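Below: the structure, in C-alpha cells.
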Amino acid sequence: MMEEATKCRSLYCAAFEKAKFMNHLVKNPWPEEYEDDAMEKMRKRHVRMPDTGVNEGVLKRIGEVFSTMPAEIRVHKRLATTLLQRREMLNMRMVSWALAEAFAFGTLLREGVHVRLSGQDVERGTFSHRHHILHDQNGVHAPVSALSDVFPGQAEYVVCNSSLSEYAVLGFEYGYSLENMRSLICWEAQFGDFTNNAQCVLDQYISSGEKKWGLNSRIVLLLPHGNEGMGPEHSSARPERFLQGCLDDEEGCPSVGKLAKPHFPMHQLLDCNWQIIVTADFLPSTVIITFC
C-alpha cells in the first residue's frame, strides 16, 4: 500500500513540476462525429433501432452463473435463499428486476462492452436486490464478483461501492464516460433524492455538455426510491427537476400524418439531451428512475 502511495505521489509531483513550464494547452482532437456535417451523417447512419436480441441460451447462461453459489466461499444464509429463488425463476422462465439487469449487463459484457457500476450501495443494491458481490462469511476468501466470469474473453465488469459524496463520484463517472466510449457507465444513488448533492454536475455537464462543448456522454443514472416510511430525502428522486432540464424544442415534438418524420423514435433519442425512464420495481411504492 505504501509503495502505491509513494508511486502515485511521485507521478503527481512530476506533473506539477512539468506544469510550471507549460505556456500553452494541447487539446485532444474532437471525435470524428463532431467535424463538419459529420454529426448529421451519423444521425442518418444510426437512425434505425438496432436489433439487440440474443438467443435464450445466452440468457440462460447468464442466469445460471448469477444464481449459483460459488464453491469456494460460504455466503450468508439469506443470500443463499435469494440465489435459490433466482434459479427457480430461471427454470420457470420468469424474470425479476435483478435478473433483467444481469441479462442486460451480461449480454453487453459478452459483446466486449465494458460495464462499470458505482454508487453508495451498488454491490448489494438499495433494496437488497442486486448482490453482484458475494462475501465469504468465514472471512477467508476474497469477495466474488457475480458477473466477472460469465463468458470467455468477455469485457471487464467493475462494480464498487463509493463514498457518500455524490458530487465527487458523479463528476468522476461523467469524466470516465467521456474517455471510454465503448462502455456502459452507471452511477446509482443510494436513494434518488441524493442527487440534490450533485445538482451542479447535472446542470452544467450532463444535461448541457453536448450543446456547449460537443461532449457526448453515455453515462446512466439509476435513482431508486420508494414511499415506504423512510422519511425525508428517502422518498422521491423528484423527476420533475429532470423533466425541466430536458430540451424544450418544438422540433422535438412528433408530427402527425404527412408531416411525420420517418423513424421518429430514433430521431427523438438522438436529438434529446437526455432520456428519462420510469420503472416500477418490487412493490407499487418502489420505483427506479433511469436517466441516460
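The values are calculated or read from the model by the stated rules, or taken from the named source; none is laboratory data. Keep in mind that this is a model prediction, so the values were computed, not measured. Every residue, glycine among them, receives a Cβ derived from its backbone with ideal geometry; neighbour counts consider all protein chains shown. Keep in mind that these areas ignore ligands, DNA and RNA; they rest on the heavy atoms of the full protein, side chains included. Shrake-Rupley method; radii C 1.70, N 1.55, O 1.52, S 1.80 Å.
Some values worked out for this structure:
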item: Check on ARG61, surrounded by 10 or more Cβ atoms within 10 Å (Cβ to Cβ), assigned to a helix (DSSP H, G or I) and at pLDDT 90 or above; result: yes
item: In the range 152-171, the residues that are within 14 Å of the chain's Cα centre (by Cα) and more than 21 Å from GLY125 (Cβ to Cβ); result: GLY171
item: Qualifying residue in the range 207-217 (condition: under 24 Å from LEU83 (Cα atoms) and in a loop (DSSP other than H, G, I, E, B)); result: no
item: Within the range 64-81, considering residues that are part of a loop (DSSP other than H, G, I, E, B) and not small (Gly, Ala, Ser), the one most open to solvent (accessible area, probe 1.4 Å); result: ARG74
item: Residues satisfying the stated conditions in the range 48-87, i.e. touching a Pro at 6+ places or on another chain (Cβ under 9 Å) and β-branched (Val, Ile, Thr); result: ILE73
item: Single condition GLU188 does not satisfy, out of (1) among the acidic types (Asp, Glu); (2) touching a residue at least 40 places away in the same chain (Cβ under 8 Å); (3) open to solvent by 30 Å² or more (accessible area, probe 1.4 Å); result: (3)
item: Leading residue by the ranking (nearest to the chain's Cα centre (by Cα)) among those in the range 92-146 that are open to solvent by 20 Å² or more (accessible area, probe 1.4 Å) and small (Gly, Ala, Ser); result: ALA104
item: The range 191-223, residues that are of a type in the set (Asp, Glu) and open to solvent by less than 50 Å² (accessible area, probe 1.4 Å); result: ASP193
item: The range 82-91, residues that are of a type in the set (A, V, I, L, M, F, W, C), within 27 Å of PHE191 (Cα to Cα) and loosely packed, with under 15 Cβ neighbours inside 10 Å; result: none
item: Number of the condition not met by LEU170 [criteria: (1) open to solvent by 20 Å² or more (accessible area, probe 1.4 Å); (2) free of Cβ contacts under 8 Å to residues at least 60 places away in the same chain]; result: (1)
item: Candidates VAL150, VAL159 - the one that is open to solvent by less than 20 Å² (accessible area, probe 1.4 Å), farther than 25 Å from LEU223 by Cα, among the hydrophobic types (A, V, I, L, M, F, W, C) and at pLDDT 90 or above; result: VAL150
